[in-house]
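Below you'll find the structure, written out as structure tokens, and then a few comments.
The values are calculated or read from the model by the stated rules, or taken from the named source; none is laboratory data. Keep in mind that this is a model prediction, so the values were computed, not measured. Positions of Cβ are backbone-derived with ideal geometry, glycine not excepted, and every protein chain shown enters the neighbour counts. Remember, those area values only see protein heavy atoms, side chains included, never the ligands or the DNA or RNA. Shrake-Rupley method; radii C 1.70, N 1.55, O 1.52, S 1.80 Å.
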Amino acid sequence: MGVLDRLVLSDGQWERLSPLIIGRPDQRGSTGRDNRMFVEGVLWIVRTGAPWRDLPEAFGDWNSVFRRFSRWSQKGVWWRIFEAMADDPDFEYLIVDSTIVRAHQHAAGAKRGSDDPPDQALGRSRGGLSTKIHLVVRGLDCPVRFALTAEQKGDAPRAGALLADLPAAVVLADAAYDSNWLREAMAGKGATAVIPKNPSHSKKYELDTALYTERHLIEYCIAKLKQFRRVATRHEKTACNYAAVVTIAAIVLWLR
């Protein structure tokens, strides 16, 4: 079986995705060369976790594909595609959580002067370099928002920014997000916070245990994202490119 027999996207999925791709023949400006094979080549890298130099020749020159991928990352093209896919008004409830991703040794050493954060969303612990993905998932276990930080960054502070402009009736999270200011922020937007009490806090809140069981959906989403090996282990030196990798995996989840 050849590489072209193992494409990530079906014809139906490409029909849904292609209108969101830039460089189409119906657009003004330059036209991308074989847009589908470029996207499939990037998906092949994200799914397999292979080095860019090992990209099969069927997808084109690896360096050209990588440079085009980086340009799209810097211009926010991948993120705009993701936002268009995730633009669903059915936000009855949202679930927030985070997960830690170990970074390959080659992820260190990015050149200074880029627009990325100074730490490139890399933290160092006993286990080595790592990145934390803060994720917001809707009720159907599809991601709607995420952000990257170094591993040592707290969960609750980032959750406030991620949830700020997302409508929801209920927000579910684990005890790491039990903070008065976050509960007040959710109440201010008309959402009920279903968060268990942190043992270190004295004030008690009622917990809807039946609804809290739905929190497992974000664990499913994280597990699906980490099936893409380039997500499960970070190889990208810049936070911008790694964010693009996570975004691409999230786009595929919306297409399924």
Among the residues of the range 218-256 satisfying the criterion of being in contact with a helix residue (DSSP H, G or I) (Cβ under 7 Å, 6 or more places away or on another chain) and of a type in the set (Phe, Trp, Tyr), which is surrounded by the fewest Cβ atoms within 10 Å (Cβ to Cβ)? 254
What tally of residues in the range 105-157 results from selecting those that are surrounded by 16 or more Cβ atoms within 10 Å (Cβ to Cβ) and either of a type outside the set (S, T, N, Q) or at pLDDT below 85 (or both)? 28
Considering 34, 88, which residue is open to solvent by 30 Å² or more (accessible area, probe 1.4 Å), at pLDDT below 95 and within 30 Å of residue 182 (Cα to Cα)? 88
Residue 179: modelled with pLDDT under 90, within 22 Å of residue 149 (Cα to Cα) and either within 24 Å of the chain's Cα centre (by Cα) or among the small types (Gly, Ala, Ser) (or both), yes or no? yes
Within the range 176-197, is even one residue crowded, with 16+ Cβ neighbours inside 10 Å, in contact with a helix residue (DSSP H, G or I) (Cβ under 7 Å, 6 or more places away or on another chain), assigned to a loop (DSSP other than H, G, I, E, B) and among the small types (Gly, Ala, Ser)? yes
Can you name the residue in the range 109-160 that is on the phi > 0 side of the Ramachandran plot and not acidic (Asp, Glu) and is also farthest from the chain's Cα centre (by Cα) among such residues? 113
Taking the range 158-172 as the search range and keeping residues that are touching a Leu at 6+ places or on another chain (Cβ under 8 Å) and assigned to a loop (DSSP other than H, G, I, E, B), which one is surrounded by the fewest Cβ atoms within 10 Å (Cβ to Cβ)? 166
One residue from 26, 5 being modelled with pLDDT under 95, assigned to a loop (DSSP other than H, G, I, E, B) and open to solvent by 70 Å² or more (accessible area, probe 1.4 Å): 26
